[in-house]
Amino acid sequence: MIRTDLVIESFDAKKLDENGGIRQKEEEFGGIKITRVSIESKEGERRTGKPKGDYVTVQVPPLGENPGHSDEETEKIAGELAKLLPETGDVLVAGLGNAGITPDAVGPLTCEKVIATRHLPPDFAGTVGISSLRGVAVLAPGVLGQTGIETAEILASVCQKIRPACVVVIDALAARDAERLGTTLQFASTGIFPGSGVQNRRAEISLRTLGVPVVSIGVPTVIDIRTVLHQLGAGEKALGNPGSTMVVTPQDVDLIVAHAAGILGLVINRALQPGLGLGDIAALM
């Protein structure tokens with residue numbers, strides 16, 4: 001089975017048609033490429049294996065080599081994320097994954113960069129010279145093996161208490177094409193199934209389970225070795241080898257994850273706090 005968390009890898013764009021339930025639009029901006037995909041029907045869900053909703057894929061230069069983008073590119077990426085978020089209301093940002101395992105640490109490390117503001121008094125924004133400051137809560141809930149609690153259960157409990165307008169979840173993803181590892185960002189309006197790309201699917205985190213909209217953000221850091229073997233034309237014997245259950249990751253994954261966290265921190269903060277400039281955000285991070 002070929003596994004991928006990326007919607008852009010889950011269908012053949014050359015076979016799109018008006019009745020396929022999938023719409024796609026591409027745009028190039030500076031050194032990045034943006035692909036917007038809308039899955040609009042049950043047929044679209046069947047063809048992609050992904051739920052109905054809006055997906056934005058941003059192809060970027062290799063994150064292992066590139067610690068950031070131009071201000072214009074960062075603003076563009078933040079604008080794509082902002083389109084998926086409600087315009088008002090508090091937001092809960094949750095970084096999924098295990099901070100102690102480098103390929104899985106994108107979520108927790110990004111949370112360290114997100115500016116928490118929900119605890120600040122209502123008039124704080126005026127005292128620092130800006131018109132408004134959106135309430136943001138930040139949480140890195142760990143993984144089931146560390147806490148004994150499903151991440152979805154933790155987030156549902158927090159949502160019941162603080163009543164956010166939206167939850168933003170950040171997670172590491174699995175890709176089908178090795179060239180997408182560390183070169184792709186994906187935003188989705190549909191929530192997420194943590195661990196699905198590495199055969200460790202956990203409880204769904206979505207509007208259905210949390211009661212509030214869930215926007216997911218992901219960066220592919222691993223690929224299933226069976227996918228690699230399949231693409232190389234390996235036979236059934238090789239695919240059935242015990243070693244074929246492994247997932248692999250790039251040798252520079254530490255740089256990929258660190259740079260991804262820095263870029264996503266800027267993008268998330270900018271999307272949530274339009275009253276702050278990128279310079280102010282960078283200083284606060």
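The values are calculated or read from the model by the stated rules, or taken from the named source; none is laboratory data. Computed from a predicted structure; not experimentally measured. Cβ atoms come from the backbone with ideal geometry, glycine included; neighbour counts cover every protein chain shown. These area figures cover heavy atoms from the full protein model, side chains too; ligands, DNA and RNA do not enter into them. Shrake-Rupley method; radii C 1.70, N 1.55, O 1.52, S 1.80 Å.
Summary table below
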| item | result |
| --- | --- |
| Answer residue from segment 114-142, given it is surrounded by 15 or more Cβ atoms within 10 Å (Cβ to Cβ) and modelled with pLDDT under 85 and is farthest from residue 100 (Cα to Cα) among those | 130 |
| Filtered residue count, segment 61-81, keeping only those that are assigned to a helix (DSSP H, G or I) and farther than 18 Å from residue 30 by Cα | 0 |
| Residue within segment 100-110 that is within 24 Å of residue 161 (Cβ to Cβ) and of a type in the set (A, V, I, L, M, F, W, C) present | no |
| Count - residues of segment 175-189 that are assigned to a loop (DSSP other than H, G, I, E, B) and over 14 Å from residue 35 (Cα atoms) | 5 |
| Count - residues of segment 241-257 that are over 15 Å from residue 102 (Cβ atoms) and either at pLDDT 65 or above or part of a helix (DSSP H, G or I) (or both) | 5 |
| In segment 143-157, the residues that are at pLDDT 95 or above and open to solvent by 40 Å² or more (accessible area, probe 1.4 Å) | 157 |
| Residue among 260, 283, 238 that is modelled with pLDDT of 95 or more and part of a helix (DSSP H, G or I) | 260 |
| Those residues of segment 221-235 which are more than 21 Å from the chain's Cα centre (by Cα) and either outside any helix (DSSP H, G or I) or modelled with pLDDT of 95 or more (or both), in sequence order | 232, 233, 234, 235 |
| Output for segment 271-285, where each listed residue is of a type in the set (D, E, K, R) and either crowded, with 21+ Cβ neighbours inside 10 Å or in contact with a Pro (Cβ under 7 Å, 6 or more places away or on another chain) (or both) | none |
| All helices (runs of 4 or more DSSP H) inside segment 82-170 with 2 or more residues being within 23 Å of residue 279 (Cα to Cα) | 106-111, 124-127 |
